[in-house]
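Scroll down for the structure; my scribbles are underneath it.
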Amino acid sequence: MNDTKILDSIKKIVTPYTQRKEGLDNFNEDTDFIKDLEVNSANLVDVILDVEDEFNIEIDNESMSGMLTVGNAKNIIEQKLGKT
Amino acid sequence: MIGNDIIDLNLTKFQSNWSRRGFLQKVFTEKEQRFILNSANPEVNIWLFWSMKEAVYKAVQRKYKLVRFYNPTRFICHQIDFNSKRSMGVVNFDNELIKTISVLTSDKIHSFTANTEFSLISEGNNSNSNLLHKISNQLNITLESLNISKDKEGIPFITYHGDNLRIPFSLSHHGAYSAYAVSLNMS
């Protein structure tokens, strides 16, 4: 799976939890789930669970700890899919 | 070190589905999950523990200038004392124990670190100005000399006559509410 496809998937997953919709216009690896999209901190758990379901991976707490930006989430997904 | 967190219980009903598979496991330790699921009102205790974790996260992030992170199970909650409206707790973060106080009503939960000298919950607009009014009355100083500012990390504080006095406070928004916890000991 290439970078663009992963980013598109993340965008699709995070959209329903996004409270600041204009943050989606400029969606890129630097996009911060909490600061830019105003995802409620409890909904970040839902984003992580949806990512697990979508890619059929398991995200441990240590990986989850850094999942605050789109780029970070992408890196973790790639790592878990066995692509480094 | 000061931290607080407000939960609008009318909003969590729409915003979160805590019974979805994996949710509790990502947020709570096994012991916390047992406490929650064996309690008379699991939903209230979920948000009580969540707000305690968030309040202490904000406090330690501020105290140790930590880079932001997301790891709710690193904050382990214990309830020490509880009556219908008030819960006293302790949150274990790494090797530290931090006391918390939570005030519960039917539509909201407000948790703050126990060193909080006063707290305020505000609805609607003008919440920052409500806070400054309260501080002005509490400390008996003129309102005009107080302002709200933020440091480089985005951590807010109140200034008195420019930058001479920095009163740390913690701010939390959720749904209809803005909540503040203020410590006047300046540390």
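Values quoted throughout were computed directly from the atomic coordinates according to the rules given, and no laboratory measurement underlies them. All values derive from a computational prediction rather than experimental measurement. As a convention, Cβ positions derive from the backbone with ideal geometry for all residues, glycine included, and neighbour counts pool all protein chains shown.
Quick look at the values:
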| read-out | value |
| --- | --- |
| Between helix A:3-14 and chain A: long-axis angle, C-alpha atoms, 0 to 90°, nearest 10 | 50 degrees |
| Radius 10 Å from Cβ of A:Asp46, net charge of other residues (Lys, Arg +1; Asp, Glu -1) | +1 |
| Cβ-derived FRET efficiency at R0 22 Å, B:Lys150 paired with B:Lys65, nearest 0.05 | 0.95 |
| Charged-residue dipole, Cβ positions (Lys, Arg, Asp, Glu), the range B:66-187 about Cα centre, Debye nearest 20 | 160 debye |
| R0 of 22 Å, Cβ-Cβ distance B:Asn41-B:Ile80: FRET efficiency to nearest 0.05 | 0.75 |
| Chain B: angle of helix B:42-64 to the longest principal axis, Cα-based, in degrees nearest 10 | 40 degrees |
| Surrounding net charge for B:Phe75, when Lys and Arg each add one and Asp and Glu each subtract one, Cβ distance under 9 Å | +1 |
| Between 0 and 90°, nearest 10: helix B:127-139 axis offset from chain B longest Cα axis | 70 degrees |
| Length released on extending from A:Asn56 to A:Met1, taking residue separation times 0.36 nm less the Cα-Cα span | 18.5 nm |
| Candidate lysines for bridging to A:Lys11, where Cα separation is under 28 Å - those fewer than 8 sequence places away on the same chain excluded | A:Lys21, A:Lys35, A:Lys74, A:Lys80, A:Lys83, B:Lys13, B:Lys26, B:Lys53, B:Lys58 |
